[in-house]
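The structure under discussion appears below in the form of structure tokens.
The values are calculated or read from the model by the stated rules, or taken from the named source; none is laboratory data. For clarity, every value in this text was computed on a predicted model and none was experimentally measured. With ideal geometry, Cβ positions are generated from the backbone for all residues, glycine too; neighbour counts draw on all protein chains shown.
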Amino acid sequence: MIRTLAVTIILEGMIGFAYARWREKPLIPLLVTSAVANLITQSLLWVALNVFFRHYLVTLWIAELTLWMMEAVLFFSLRWNRLGIRDAFFLSLAANLFSFGVGWWLPI
């Protein structure tokens, strides 16, 4: 879990960095929010996957959709990120799709 968390934080941090530069948003708050969100959501993901291990793929998809929305709400709720709701959902979706796509192929 620690390795996957580290990889996720790095990958999603790369997306957060690119997004902050592209949209001229505050970098440090976005990166901190992303890291904290991933600490929470990765823990929830691992719990769900361990509890519902017999339905791994269904659990993974449902959990990923839920975690995307949770992270988006967190990005939006923390005002120092200066993100509107659409920006928060876009950033969360981009970061989660990137980390999920890369993670799907990594042998971790």
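Observations
- Residue list for the stretch 11-26, restricted to those being surrounded by 13 or more Cβ atoms within 10 Å (Cβ to Cβ), part of a helix (DSSP H, G or I) and without any contact (Cβ under 8 Å) to a residue 60 or more places away in the chain: 13, 17, 18, 20
- Scanning the stretch 18-52 for residues that are farther than 17 Å from residue 104 by Cα and either of a type in the set (Phe, Trp, Tyr) or touching a His at 6+ places or on another chain (Cβ under 6 Å) (or both) turns up 19, 22, 52.
- Residue list for the stretch 43-58, restricted to those being touching a Phe, Trp or Tyr at 6+ places or on another chain (Cβ under 9 Å) and either acidic (Asp, Glu) or touching a residue at least 12 places away in the same chain (Cβ under 8 Å) (or both): 49
- Only one entry in 5, 30 is at pLDDT below 95 and assigned to a helix (DSSP H, G or I), namely 5.
- Comparison of 106, 74, 65 shows that the only residue that is over 21 Å from residue 3 (Cα atoms), touching a residue at least 40 places away in the same chain (Cβ under 8 Å) and not acidic (Asp, Glu) is 74.
- Qualifying residues in the stretch 54-91 (those that are part of a helix (DSSP H, G or I) and closer than 17 Å to residue 21 by Cα) - the one farthest from the chain's Cα centre (by Cα): 80
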